[in-house]
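Values in this text are rule-based calculations from the coordinates and carry no lab data. None of these values were measured; they are calculated from a predicted model. Cβ: placed from backbone, ideal geometry, glycine included. Neighbour counts: every protein chain shown.
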Amino acid sequence: MSEIIFIENLSYTYPDGTEALREVSLAVAEGERIGLVGPNGAGKSTLLLHLNGLLQGEGRIEVCGISVTDGRLDEVRLKVGLVFQDPDDQLFMPTVFDDVAFGPLNMDLARPEVERRVEQALSEVDMLYAVERCSHHLSFGERKRVCVATVLSMSPQVLALDEPTTNLDPRHRRQIIELLRQFELTTLVASHDLDAVLDLCDRVVLLDAGEVVADGPADGILTDRALLEAHSLELPLSRQS
Ligand SMILES: Nc1ncnc2c1ncn2[C@@H]1O[C@H](COP(=O)(O)OP(=O)(O)O)[C@@H](O)[C@H]1O
Ligand SMILES: [Mg+2]
């Protein structure tokens, strides 16, 4: 099996002393779509922030065979496209074009190639119509899709999304789920929207208090009422009768 992400005994404590991850180990095969679930404060966001070295804990992480450590972070960040929960953390340029072009321009690509990538990435998320608009004038759902485009324009190997469906109305929620289903990239989705995870993911990793408490097929873990309830979660709506 070719592992695209390899995490071994990862622990992380925030500077204020909060232990957010404890001895987390996880191997992800190329093309897998994994749902990271768990109650608030379980460590889902903290784990995603380690994938491209925004946080660095103790233990070992490799992405595409590259160790996520100082000195290799530029390489790693070309491989992992991280979509933050809050679009305002991702979009900071005057126009949608500038935000989506930011990564490719930093890769020193020629202008025509940058434009090609921006056009393709925005088309993939159905946002090309807004290329010249200001991100701040778009709806929340539109900004979420532009955020996905800002990472697609870098041609990542891994897509990591933090709560991609949060705060979306049903139509935009459905739209982003359908979009993510189309990609063939290795994907990690941190979410408390267990219905979305069930729709999107083959495999689920359940975290609680910074530890992996279950790891297996989505339709096993997300239908196990006792397990979910033991970790302050509920069955997905589609599985409640
Ligand atoms: N910047 C921070 N400083 C201190 N503690 C933090 C910070 N961010 C998160 N935490 C704590 O780390 C733990 C894991 O948080 P987080 O990764 O955000 O969980 P989740 O995404 O699963 O809700 C929680 O106890 C949370 O309060
Ligand atoms: Mg979170």
Check: Stretch F140-S11 to full length: gain in nm at 0.36 nm per residue minus the Cα-Cα span?
Finding: 43.1 nm
Check: What's the local net charge at D202, with K and R +1, D and E -1, over the other residues with C-beta under 10 Å away?
Finding: 0
Next item on the list: Evaluate the distance, in nm, between pseudo-label points positioned 7 Å from the Cα of D88 and of T166 along their respective Cα→Cβ axes.
Entry: 1.3
Checklist line | Charge context of A130, other residues only, Cβ under 15 angstrom, K/R +1, D/E -1 | finding: -3
Next item on the list: State whether the chain is rounded, prolate or oblate according to the following rule on the C-alpha gyration tensor (a ≥ b ≥ c being the square roots of its eigenvalues): a/c under 1.5 gives rounded; otherwise a/b larger than b/c gives prolate, and the remaining case gives oblate.
Entry: oblate
Checklist line | Formal net charge of residues neighbouring F84 (Cβ-Cβ distance under 12 Å; K, R +1; D, E -1) | finding: -3
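May I ask you to derive the relative contact order of the chain, considering only C-alpha pairs under 8 Å and at least 6 residues apart, and to give it as an integer percent?
For the chain, the relative contact order is 25 percent.
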Note to self: If I build a Gaussian network model for the chain, linking alpha-carbon pairs within less than 10 angstrom, which residue out of T18, T69, T150 has the largest mean-square fluctuation?
What the structure shows: T18
Checklist line | Computed [θ] at 222 nm, deg cm²/dmol, the chain (DSSP H ≥ 4; -39,500 (n - 2.57); rounded to nearest 500) | finding: -10000 deg cm²/dmol
Next item on the list: Label segment 102-223 by shape, choosing from rounded, prolate and oblate, from the square roots a ≥ b ≥ c of the eigenvalues of the Cα gyration tensor; if a/c is under 1.5 it is rounded, and otherwise prolate applies when a/b is larger than b/c, oblate when it is not.
Entry: prolate
Next item on the list: Determine the relative contact order of segment 126-241: mean sequence separation of Cα pairs under 8 Å and six or more apart, normalised by residue count, in whole percent.
Entry: 17
Check: Taking Cα centroids, how far is segment 1-70 from segment 174-241 in Å?
Finding: 17
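Could you tell me which of rounded, prolate or oblate describes segment 37-77, using a ≥ b ≥ c as the square roots of the eigenvalues of the alpha-carbon gyration tensor, with rounded for a/c under 1.5 and, failing that, prolate when a/b is larger than b/c and oblate otherwise?
prolate
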Notebook entry, point to check: If each residue's Cβ is checked for other Cβ atoms within 10 Å, how do D202, D195 rank with the fewest at the top?
Noted result: D202, D195
Note to self: Test of understanding: ordering L198, L207, L10, L109 by Cβ neighbours within 10 Å, fewest first, what list do you get?
What the structure shows: L109, L198, L10, L207
Note to self: Using Cβ contacts closer than 10 Å as the measure, can you line up F183, F102 from fewest to most?
What the structure shows: F183, F102
